[in-house]
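Laboratory data are not the source of any read-out in this text; all were calculated from the coordinates shown. Note that the structure is predicted; figures quoted are calculated from it, not measured. Heads up, the Cβs are rebuilt from the backbone with ideal geometry, glycines too, and the neighbour counts pull from every protein chain shown.
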Amino acid sequence: MEKKSKKEKKPVVEVNRDFCKGCGICVAFCPKEVLELDDHEKAVVKRLEKCNACTLCELRCPDIAIEVRSEEQGASRSA
């Protein structure tokens, strides 16, 4: 039997800066330190290559300002 090759799904993390109030909860919960607060106290993606798409930032954001999805499937994991 032939094994199907698994395509690696690259995570995409989008931060809606209009919704973000800069509370830092996403930064605190991210186990891979992907997010940081910038000079304007808004969340920004600094190390996307470390992201494992766990969606903790998305789940914990009180302002619904973060969306994590797979580049390949294009749908949010939390849906």
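Data table
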| item | result |
| --- | --- |
| Given charges at beta-carbon only (K, R positive; D, E negative), |dipole| of the range 11-70 in Debye | 180 |
| Label-to-label distance, nm, for residues given as LEU59 and LYS9 (7 Å Cα→Cβ offset) | 1.5 |
| Sorted largest first, extent of the range 11-70 alpha carbons per principal axis (Å) | 25, 20, 16 |
